[in-house]
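The structure appears right after this line, and notes come after that.
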Amino acid sequence: MKDDQVLKQVADMVGIADSYVSAWGDEANVESETIRRLLAALGYDTRSDEALLESANKKQRPDVLAPVQVVRSGEPMRIAMHLGQSARISDFSWRLETEQGEVMEGWLQSQLISDERADGGPLVFSLPDDLEWGYHKLEVFRKRRKSPFEMTLIVTPQSCYKQDALQEDKKLWGTSVQLYSIRTNHNWGIGDFGDLKQLVADVAARGGDFVGLNPIH
């Protein structure tokens, strides 16, 4: 390659850093050859700057429908699709099967939010905002196309569950352990679930509130 400018440009598009801070706090630069090999391993054509840019433009082209989208409960349910300007919105319909087994269907045209295809942007349509938490399957059908576009739509709570005590800003205490580091007269040198059960009982007997467990959390 003539220089590293194109290489670093594509690396930035892909998410490969050209420098990092080491565990000792020193900044280190990644060698260009390392970046080139990483890009090649990811399927990019690194024979020349021109070939690299061409392969990057092809690979970075967004899917019609993202494979996964995560939406917090209470947020607007907006789905983006990347379509060519020639695609007619009236040709598209959607089907949503929730984790609970409920099935919903509709047409994109009647739930269109925005269409920015003329400026290179996506087409955005809405889904019902009151979906239950879970992993839901969204399919978008196009007339005369045999298979639908698919997405896993994940609806999550606004935040993780917190005990009432934490909600009231009370302090809780416990111990954090590596399960394999527990030593008793009953195991074979590393901790097992019998030891964990005894540890939980011992911590609770002393007023503890939790056992933070690694590696299985």
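The values are calculated or read from the model by the stated rules, or taken from the named source; none is laboratory data. What you are looking at is a predicted structure, and each value in this text was computed from that prediction instead of being measured. Don't worry about glycine lacking a Cβ; one is built from the backbone with ideal geometry, like all the others, and counts go over all protein chains shown. With ligands, DNA and RNA removed, areas are computed over all heavy atoms of the protein, side chains included. Shrake-Rupley method; radii C 1.70, N 1.55, O 1.52, S 1.80 Å.
Using the structure shown, decide if Ser110 is among the small types (Gly, Ala, Ser), under 30 Å from Glu75 (Cβ atoms), open to solvent by 50 Å² or more (accessible area, probe 1.4 Å) and not in a loop (DSSP other than H, G, I, E, B).
Values: among the small types (Gly, Ala, Ser): yes; under 30 Å from Glu75 (Cβ atoms): yes; open to solvent by 50 Å² or more (accessible area, probe 1.4 Å): yes; not in a loop (DSSP other than H, G, I, E, B): yes.
The answer is yes for Ser110.
Out of Asp12, Asp45, Asp63, report the one residue that is free of Cβ contacts under 8 Å to residues at least 12 places away in the same chain, among the acidic types (Asp, Glu) and part of a loop (DSSP other than H, G, I, E, B). Show your work before the answer.
Details: Asp12 fails: part of a loop (DSSP other than H, G, I, E, B); Asp63 fails: free of Cβ contacts under 8 Å to residues at least 12 places away in the same chain.
Sole residue among the options that is free of Cβ contacts under 8 Å to residues at least 12 places away in the same chain, among the acidic types (Asp, Glu) and part of a loop (DSSP other than H, G, I, E, B): Asp45.
Looking only at residues in region 31-55 that are open to solvent by less than 40 Å² (accessible area, probe 1.4 Å) and β-branched (Val, Ile, Thr), which one is nearest to the chain's Cα centre (by Cα)?
The residue in question is Ile35.
Can you name every residue in region 81-98 that is surrounded by fewer than 17 Cβ atoms within 10 Å (Cβ to Cβ) and either within 23 Å of Trp133 (Cα to Cα) or modelled with pLDDT of 95 or more (or both)?
Within region 81-98, Arg95, Glu97 qualify.
Being surrounded by 11 or more Cβ atoms within 10 Å (Cβ to Cβ), among the charged types (D, E, K, R) and over 34 Å from the mean Cα position of the chain (by Cα) is the filter here, so list the residues in region 184-217 that pass it.
Matches in region 184-217: Asp195, Asp202.
Suppose the filter is of a type in the set (D, E, K, R), open to solvent by less than 70 Å² (accessible area, probe 1.4 Å) and out of contact with any Cys (no Cβ under 8 Å at 6 or more places or on another chain); does Asp26 pass it? Break it down stepwise before answering.
Working: of a type in the set (D, E, K, R): yes; open to solvent by less than 70 Å² (accessible area, probe 1.4 Å): no; out of contact with any Cys (no Cβ under 8 Å at 6 or more places or on another chain): yes.
Judged against the criteria, Asp26 is not a match.
Output the residue which, of all residues in region 115-155 that are free of Cβ contacts under 8 Å to residues at least 60 places away in the same chain and hydroxyl-bearing (Ser, Thr, Tyr), is farthest from Ile89 (Cα to Cα).
The residue in question is Tyr135.
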